[in-house]
Amino acid sequence: MKGATNIVVGRRKNSIARVRLSPGTGQIVINKRDVLDYLKREVLKMVIEQPFQVTDTIGKYDVYANVSGGGLAGQAGAIRLGISRALLKVNDEFRPVLKKSGFLTRDPRMKERKKYGLAGARKRFQFSKR
């Protein structure tokens with residue numbers, strides 16, 4: 001199979017996911033742990049499985065992901081982008097479906113930096129006239 005040993009990178013917020021896709025039974029392993037064991041929320045598991053649902057490949061590929069940085073939601077988004085990119089390497093015909101669903105677009109939203117003279121990124125210190 002083409003793309004079996006390719007490692008694809010997905011990013012979201014501060015999370016970086018290295019995803020490897022191989023033909024199998026639909027097993028998802030994140031950082032050497034089962035998907036629900038690692039993410040703990042069913043919603044995040046559904047986020048990760050969305051590219052498979054859209055391309056009708058549920059249960060056809062095993063996912064091995066190595067994730068670091070950020071929180072669980074950001075990591076799930078990074079894995080989803082990695083899976084989508086890996087599916088493209090497997091079959092180019094998935095591109096229109098994945099693109100329409102928005103799974104090939106890297107979400108650019110990041111945490112805004114704190115500015116000097118302010119309490120946070122935008123929050124001001126309390127103003128007093130006297």
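(1) in a loop (DSSP other than H, G, I, E, B); (2) at pLDDT 95 or above: which one isn't true of Gly26, the others all being true? Gly26 satisfies every listed condition except (2). Selection within the range 17-57: residues that are among the basic types (Lys, Arg) and closer than 16 Å to Ile7 by Cα. The member of this set that is surrounded by the most Cβ atoms within 10 Å (Cβ to Cβ) is Arg20. Within the range 86-96, the set of residues being surrounded by fewer than 16 Cβ atoms within 10 Å (Cβ to Cβ) and either in contact (Cβ under 8 Å) with a residue 24 or more places away in the chain or of a type in the set (S, T, N, Q) (or both) comprises Lys89, Asn91. Just to be sure, is Gln53 polar (S, T, N, Q), farther than 15 Å from Arg20 by Cβ and over 11 Å from the mean Cα position of the chain (by Cα)? Yes: the conditions hold for Gln53. Scanning the range 29-52 for residues that are more than 23 Å from Arg109 (Cα to Cα) and in a loop (DSSP other than H, G, I, E, B) yields Asn31, Lys32, Lys40.
Only one of the listed residues (Val47, Val9, Val54, Val19) is farther than 16 Å from Ala76 by Cα and aliphatic (A, V, I, L, M). That residue is Val54. Go through the range 53-97 and give me each residue that's assigned to a strand (DSSP E or B) and either among the hydroxyl-bearing types (Ser, Thr, Tyr) or touching a Pro at 6+ places or on another chain (Cβ under 7 Å) (or both). Result: Tyr61, Tyr64, Ser68.
State which residue is surrounded by the most Cβ atoms within 10 Å (Cβ to Cβ) when the search covers only the range 98-120 and only residues that are part of a loop (DSSP other than H, G, I, E, B) and of a type in the set (A, V, I, L, M, F, W, C). In this case the residue turns out to be Phe103. Checking each residue of the range 66-80 against the condition of being touching a residue at least 40 places away in the same chain (Cβ under 8 Å), in contact with a strand residue (DSSP E or B) (Cβ under 8 Å, 6 or more places away or on another chain) and surrounded by fewer than 14 Cβ atoms within 10 Å (Cβ to Cβ) gives at least one match. Do we find that Arg124 is in contact (Cβ under 8 Å) with a residue 60 or more places away in the chain and among the basic types (Lys, Arg) in this structure? No, not satisfied.
A count restricted to the range 90-130 and to residues that are more than 19 Å from Leu44 (Cβ to Cβ) and in contact with a strand residue (DSSP E or B) (Cβ under 7 Å, 6 or more places away or on another chain) stands at 1.
The values are calculated or read from the model by the stated rules, or taken from the named source; none is laboratory data. Please read these numbers as outputs of a predicted model, since none were measured by experiment. Positions of Cβ are backbone-derived with ideal geometry, glycine not excepted, and every protein chain shown enters the neighbour counts.
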